[in-house]
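The values are calculated or read from the model by the stated rules, or taken from the named source; none is laboratory data. Please read these numbers as outputs of a predicted model, since none were measured by experiment. Note that we place each Cβ from the backbone using ideal geometry, even for glycine, and neighbour counts take in every protein chain shown. Remember, those area values only see protein heavy atoms, side chains included, never the ligands or the DNA or RNA. Shrake-Rupley method; radii C 1.70, N 1.55, O 1.52, S 1.80 Å.
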Amino acid sequence: QVQLAESGGGSVQAGGSLRLSCAASGRLPNIMGWFRQAAGAEREFVAAITRIGGATTIADSVKDRFAISKENAKNTVYLQMNSLKPEDTAVYYCAARWSILSRSGNEYNYWGQGTQVTVSS
C-alpha cells in the first residue's frame, strides 16, 4: 500500500511563494504528480516527475512559475510555487502511479488528502 502526505500549504499574498511537500511511504510508484482543485472547478493537472531519472511534465499554465523536484532519500516530492496568483488558490493533491508520466488524474492510483493553498490579492 502507498501512503501520501502533503504539507506546506497556507495563505500567501499574490506574488509570494510556497513549497509543497509530498512524503510517500510504502511500495513507492515511480511517478509522482501534483494536481489541484479550486472550489467549484474540475481537478487540474499541475506537474509530475519520475522518481528514477527525474523526467518532468508541467502544465503550461504554471510552467513559468512552478517547479517539481524530488528527493529520493526522503521519499519526498516537492512543488515549488513562485509568483503566486489568486487563481492558484486551490486544494493541492499529491498523487502517484506506476508506468509512465501522465497528466490524467484518472490514471493515478494513489492520492493524498490535499493541502489548501490560498493566494490573496
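All but one of (1) within 24 Å of Gln1 (Cα to Cα); (2) out of contact with any Asp or Glu (no Cβ under 6 Å at 6 or more places or on another chain); (3) open to solvent by less than 30 Å² (accessible area, probe 1.4 Å); (4) of a type in the set (D, E, K, R) hold for Asp88, so report the exception by its number. Among (1) within 24 Å of Gln1 (Cα to Cα); (2) out of contact with any Asp or Glu (no Cβ under 6 Å at 6 or more places or on another chain); (3) open to solvent by less than 30 Å² (accessible area, probe 1.4 Å); (4) of a type in the set (D, E, K, R), Asp88 violates only (1). Among the residues making up the stretch 1-42, those that are exposed (fewer than 15 other Cβ atoms within 10 Å of the Cβ), among the charged types (D, E, K, R) and either at pLDDT below 95 or under 16 Å from Glu107 (Cα atoms) (or both) are Arg27, Glu42. Considered as a group, the residues in the stretch 111-121 that are surrounded by 17 or more Cβ atoms within 10 Å (Cβ to Cβ) and in contact with a Ser or Thr (Cβ under 9 Å, 6 or more places away or on another chain) include one that is nearest to Leu4 (Cα to Cα), and that residue is Thr115. The residues of the stretch 71-88 that are part of a strand (DSSP E or B) and either over 11 Å from the mean Cα position of the chain (by Cα) or polar (S, T, N, Q) (or both), listed by number, are Glu71, Thr76, Gln80.
The set of residues in the stretch 58-73 being open to solvent by less than 20 Å² (accessible area, probe 1.4 Å) and among the small types (Gly, Ala, Ser) consists of Ala59 alone. Just one of the listed residues (Ser7, Ser25, Ser11) is of a type in the set (Ser, Thr, Tyr) and either within 15 Å of Leu84 (Cα to Cα) or touching a Pro at 6+ places or on another chain (Cβ under 8 Å) (or both), and it is Ser11. Summed over the stretch 45-57, residues that are over 19 Å from Ser25 (Cβ atoms) and either open to solvent by 40 Å² or more (accessible area, probe 1.4 Å) or in a loop (DSSP other than H, G, I, E, B) (or both) total 4. When Val91 is evaluated against the numbered criteria (1) assigned to a strand (DSSP E or B); (2) under 12 Å from Gly33 (Cβ atoms); (3) touching a Ser or Thr at 6+ places or on another chain (Cβ under 9 Å), which criterion, by number, is the only one it fails? Looking at each condition in turn, Val91 falls short on (2). Per the listing Tyr93, Tyr78, Tyr108, the residue uniquely open to solvent by 50 Å² or more (accessible area, probe 1.4 Å) and either under 17 Å from Asn30 (Cα atoms) or touching an Asp or Glu at 6+ places or on another chain (Cβ under 8 Å) (or both) is Tyr93. Taking the listed residues Leu28, Leu20, Leu4, the one that is touching a residue at least 60 places away in the same chain (Cβ under 8 Å) and part of a loop (DSSP other than H, G, I, E, B) is Leu28, with no other qualifying.
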